[in-house]
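Here's the structure, in structure tokens; my notes come after.
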Amino acid sequence: THFGFETVSESEKAERVYKVFENVAKRYDVMNDAMSLGIHRLWKDALLYKMNPMPGTKLLDVAGGTGDIAFRFIDYVRSQQERRSRQEMKSYQSPSWQDISKLYQQQDDNDTHLRSKAVICDINKEMLKFGRQKAEQLNYTDGLSWVVGNAEELPFDDDKFDVYTIAFGIRNVTHIDQVLQEAYRVLKPGGRFLCLEFSRVQNPIISRLYDLYSFQVIPVLGEVIAADWKSYQYLVESIHRFPEQEEFRAMIEDAGFYKVEYSNLTSGIVAIHSGFKF
Ligand code: SAM
């Protein structure tokens, strides 16, 4: 397994990845905005748009320490619920007493069955700590839980979640195949896997510029903003080592998912892969 320019063992890689995210946790959001010129926000929005979760959805966001996906999930579901209530208000007519008691019953059902939940799981305690702090500052308290866990060996029962997401996380793990098998295991039958990850740029000119930017500019930004050249050099290299679109699609199929597809964003700088559990 490669790490930086050297060859290291698997356990060493996991340890070093842990250190990288421990080091960058505090500056993670600032760096993310600086490196992607804020575009990572649009990519994450696109993931939610693709997911299009219904009220009541149970989401597991793996490698989700920043909370970025879970917060968007809560916003998305809330906006769907508000839209539905507006539509109901439009078709409102004076109710009878029977209607009122039915409405109360429905409200109870909504509260118990339709409450959406997101579990955020990350191997790194520091990343989770900063995610939780952000959740408190931004007032995302309801429906979220934070769990320390390894994507390769998830601390959850089988068939538990409707949707599994992993955003910019899977390229950091030691065994991608194990992560995919675990995703399959914890999803309910019919559940959906969604992965947002750096991929291969499709346009040769953009590809050339992108290589220059990532190898020449990003480690410098890492040094200037976070005084940490090495961590950012690792991040760039991990992007270049990650399988390209078709290869990753085949890996997801090998884990048992069906209807596996992907869409490229920003000329393939990143891609969203998705699939369903039988
Ligand atoms: N998903 C977040 C986002 O998009 O803002 C965070 C992405 S960050 C680049 C990668 C995250 O993967 C880090 O928080 C890191 O701790 C986590 N990670 C790395 N290896 C992991 C593993 N084996 N299991 C769970 N999380 C892992």
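Could you list, in sequence order, the residues of segment 227-261 that are of a type in the set (D, E, K, R), at pLDDT 95 or above and crowded, with 17+ Cβ neighbours inside 10 Å?
Selection gives R249 alone.
Kindly check whether there is at least one residue in segment 181-197 that is touching a Cys at 6+ places or on another chain (Cβ under 8 Å) and either within 16 Å of the ligand (Cβ to nearest atom) or in a helix (DSSP H, G or I) (or both).
no
I'm checking my understanding of the structure. Among residues of segment 134-166 that are surrounded by 16 or more Cβ atoms within 10 Å (Cβ to Cβ) and small (G, A, S), which one is nearest to the ligand (Cβ to nearest atom)?
A151
Being under 23 Å from R16 (Cα atoms) and not in a helix (DSSP H, G or I) is the filter here, so list the residues in segment 198-234 that pass it.
F198, S199, A227, D228
Take segment 25-49 and flag every residue that is surrounded by 14 or more Cβ atoms within 10 Å (Cβ to Cβ), closer than 30 Å to D158 by Cβ and either of a type in the set (V, I, T) or away from the ligand (no atom under 11 Å from the Cβ) (or both).
Residues satisfying the conditions are A46, L48.
Going through N172, N203 one at a time, which residue ends up being under 18 Å from H273 (Cα atoms) and either modelled with pLDDT of 95 or more or of a type outside the set (K, R) (or both)?
N172
Within segment 167-186, take every residue that is among the aliphatic types (A, V, I, L, M) and over 19 Å from A250 (Cβ atoms) and give me the one that is surrounded by the most Cβ atoms within 10 Å (Cβ to Cβ).
Looking at the filtered set, the residue picked out is A167.
The values are calculated or read from the model by the stated rules, or taken from the named source; none is laboratory data. The shown structure was predicted, so the numbers you read here are calculated from the model rather than taken from an experiment. Because the Cβ atoms are built from the backbone with ideal geometry, glycine has one as well, and the counts that use them run over all protein chains shown.
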